[in-house]
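Participant: Mind looking over this structure? Questions follow.
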Amino acid sequence: MIQTTGYAVSGPEAEFEVLNFERREVGRADILIEILFCGICHSDIHQARGEWGNSTYPMVPGHEIVGRVAQVGGDVTKFAVGDIAGIGCFVDSCRTCSSCTADCEQFCKVHCSATYNGKEMDKTTPTYGGYSKHYVVDEAYALKIAADQNLAAVAPLLCAGITTYSPLKRFNARPGQKVGVVGLGGLGHMGVKLAVSMGAEVTVFSTSPSKKEDALKLGAHHFVLTTDPAHLTPLKGTYDLIVDAVSADHDLNIYLSLLAINGVMVMVGLPSDPPSFRPFSLLSNNRSLVGSSIGGIKETQEMLDYCAAHNITSDVEVIPMERVPEAYERTIKSDVRYRFVIDLKSF
Ligand code: NAP
Ligand code: ZN
């Protein structure tokens, strides 16, 4: 076994503590990654604090992982020692069900092995995430990352990037289309950069007046402060696509009412309480309310290659491990510009 060290919580209200634990030996198809950077996704906070009701402890969060390959198994072909590799939200799946063969491993019908707060394919061994020094992963579930990039700023692409890229591609964000992004956080700011790069006319809907300047710098064409409903009334029925990336409970009716004929609102945010909406908000203009969950390995690689080609990375605040608790508090207060990323060097 490979000894490693992580930062873990032992329960929903526990403080983070250093945890020594073991990764499996490097198997024939595995690579050992020395983690360089790991982003802090709001899903880490939801799960560390038990907000989704599915948490197991001790938990080492982290699913926006970038690192250097330190060892490769005998059958590995995709990576060599020294390459840069990434890990996103899952590390294995059955590979044969209709979801896996359709490149949607995140919906594996047998078992999708989450990067942390999950189980390995034996459905018994717990998985521990990227707030740690090493990860052992099957090469088929690791992503290739070009080394000549700001790797701290690439890490958030592994979750925030793919989660917004996937629905923007699915609903064909393009020139002439009006796209709204609700919530300018980790996911939201990636949604803005990606939708702008695809040529759409982009509006940020935000509760934070201080983010207006940033939104425009990120490339958004419009910024709407949602704390005053009067700002939204003139926009009713005008949007083709709205990506809702809000982490807390909020009123969906307001945003549904902004959709034009056949407009689509995509939920990517995962507040713990079930949202409610009036059917009338949907029926009018034949609107759709849909969901989207991360992306498969193939699409995640496509997104990473797209971002490298278009010079798109995340805006990050790089912190040492001991500042994770402070980063959680600030993320909850929407005080992050726009993703905290842990630098493992000092850990
Ligand atoms: P984040 O960085 O904390 O951003 C969330 C944003 O939501 C905030 O910046 C804020 O934007 C807005 N917000 C927060 N509290 C609010 C409130 N009470 N009312 C209205 N707006 C509020 O979070 P994230 O990492 O981007 O994640 C966002 C959500 O997506 C989380 O629930 C996360 O679990 C989920 N998620 C889903 C997937 C998926 O596959 N679908 C993947 C990753 C994450 P403003 O300041 O602009 O208002
Ligand atoms: Zn995430």
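Participant: Just rank Glu329, Glu64, fewest to most, by other beta-carbon atoms within 10 angstrom. Walk me through the intermediate numbers first.
Facilitator: Numbers: Glu329 10, Glu64 32.
Listing Glu329, Glu64 from fewest to most nearby Cβ atoms yields Glu329, Glu64.
Participant: Can you check what the net charge comes to around Gly296, using other residues whose Cβ is under 10 Å from the Cβ of Gly296 (Lys, Arg +1; Asp, Glu -1)?
Facilitator: Working: positive: Lys298; negative: Asp103, Glu105, Glu299, Glu302.
Once positives and negatives cancel, what remains is -3.
Participant: Between Phe21 and Asp75, with labels modelled 7 Å along Cα→Cβ, what's the label distance in nm to one decimal, could you check?
Facilitator: Taking the two extended label points, one gets 2.6 nm.
Participant: Please get the size of the charge dipole for region 161-291, origin at its Cα centre, with Cβ charges of +1 on Lys and Arg and -1 on Asp and Glu, quoted in debye to the nearest 20. Mind showing how you got there, number by number?
Facilitator: Values: 11 positive and 9 negative charges, 80 e Å.
Rounded to the nearest 20 debye, it is 380 debye.
Participant: Here's another thing I want to ask about it. Rounded to the nearest 5, what % of DSSP beta bridges with both residues in the chain are antiparallel?
Facilitator: Working: 33 of 59 bridges.
Antiparallel bridges make up about 55 percent of those DSSP assigns within the chain.
Participant: Counting other C-beta atoms within 10 Å, which of Glu17, Glu317 has the fewest, and how do the rest follow?
Facilitator: Sorted ascending by nearby Cβ count, the order is Glu17, Glu317.
Participant: Summing Lys, Arg as +1 and Asp, Glu as -1, what charge do residues with Cβ under 12 Å from the Cβ of Val182 carry, Val182 excluded? Provide the component values of the computation, followed by the final result.
Facilitator: On the way: positive: none; negative: Asp244, Asp251.
Local net charge: -2.
Participant: Enter the Cα centre distance for the pair region 276-311 and region 224-247, rounded to the nearest angstrom.
Facilitator: 17
Participant: Around Ser281, what is the net charge, scoring Lys/Arg as +1 and Asp/Glu as -1 over all other residues with Cβ under 11 Å from its Cβ? The partial results should precede the final answer.
Facilitator: Numbers: positive: Lys236, Arg278, Arg287; negative: Asp251.
Charge balance in the 11 Å sphere: +2.
Participant: List the lysines whose Cα sits under 19 Å from the Cα of Lys109, skipping any in the same chain fewer than 8 residues away.
Facilitator: Within the straight-line cut-off, Lys109 pairs with Lys119, Lys123, Lys298.
Participant: State, to one decimal in nm², a quarter of the convex hull surface area for the C-alpha atoms of the chain, i.e. the direction-averaged projected area.
Facilitator: Details: hull surface 66.7 nm².
Averaged projected hull area, Cα only: 16.7 nm².
Participant: My understanding is that a pair violates if its Cα-Cα distance is over 24 Å; which of Lys78/Lys133; Lys169/Lys333; Lys178/Lys217 do that in this structure? Numbers along the way, then the final one.
Facilitator: On the way: Lys78/Lys133 22 Å; Lys169/Lys333 30 Å; Lys178/Lys217 18 Å.
Those over the limit are Lys169/Lys333.
Participant: Note down the relative contact order for the chain as a percent, whole number, built from C-alpha pairs under 8 angstrom at least six residues apart. Don't skip to the end; give the middle numbers.
Facilitator: Values: 837 pairs, mean separation 59.0, N = 347.
17 percent.
Participant: Calculated FRET efficiency, Lys109 and Asn262, Cβ-Cβ r, R0 30 Å, to nearest 0.05? Please report the intermediate quantities before stating the final value.
Facilitator: Details: r = 31 Å, r/R0 = 1.03.
In this case the efficiency is close to 0.45.
Participant: Please give, to one decimal in nm, the separation of the simple spin-label points placed at Phe277 and Lys119, each 7 Å out from Cα toward the Cβ.
Facilitator: Between Phe277 and Lys119, the simple spin-label model gives 3.4 nm.
Participant: Between Trp52 and Thr238, with labels modelled 7 Å along Cα→Cβ, what's the label distance in nm to one decimal, could you check?
Facilitator: With each label point 7 Å from Cα toward Cβ, the separation is 3.5 nm.
Participant: Cα axis of helix 186-197 to longest principal axis of the chain: angle in degrees, 0 to 90, nearest 10?
Facilitator: 70
Participant: What order do you get for Cys89, Cys38, Cys104 when you list them from fewest to most C-beta neighbours inside 10 Å? Mind dumping the intermediate values first?
Facilitator: Numbers: Cys89 24, Cys38 34, Cys104 20.
Sorted ascending by nearby Cβ count, the order is Cys104, Cys89, Cys38.
Participant: Expressed as an acute angle from 0 to 90° and rounded to the nearest 10, what is the orientation of the C-alpha long axis of helix 297-309 relative to the principal long axis of the chain?
Facilitator: 70
Participant: Also, quick follow-up: Using only the Cα atoms of region 161-291, build the gyration tensor, take square roots of its eigenvalues as a ≥ b ≥ c, and label the shape rounded, prolate or oblate: rounded if a/c is under 1.5, else prolate if a/b is larger than b/c, else oblate. Don't skip to the end; give the middle numbers.
Facilitator: Values: a/c = 1.29, a/b = 1.17, b/c = 1.10.
It comes out rounded by the Cα gyration axes.
Participant: Let me ask something else. Would region 91-147 count as rounded, prolate or oblate if I go by the C-alpha gyration tensor, calling it rounded below 1.5 in a/c and otherwise prolate when a/b exceeds b/c, oblate otherwise? Before the final figure, lay out the partial values.
Facilitator: Values: a/c = 2.51, a/b = 1.23, b/c = 2.04.
It is oblate, given that a/c is not under 1.5 and a/b is not larger than b/c.
Just so you know, all these numbers are worked out from the coordinates, no wet-lab data involved. Fair warning: this is a prediction, and the values are worked out from it, not measured in the lab. Virtual Cβ from ideal backbone geometry, glycine too; neighbours counted across all protein chains shown.
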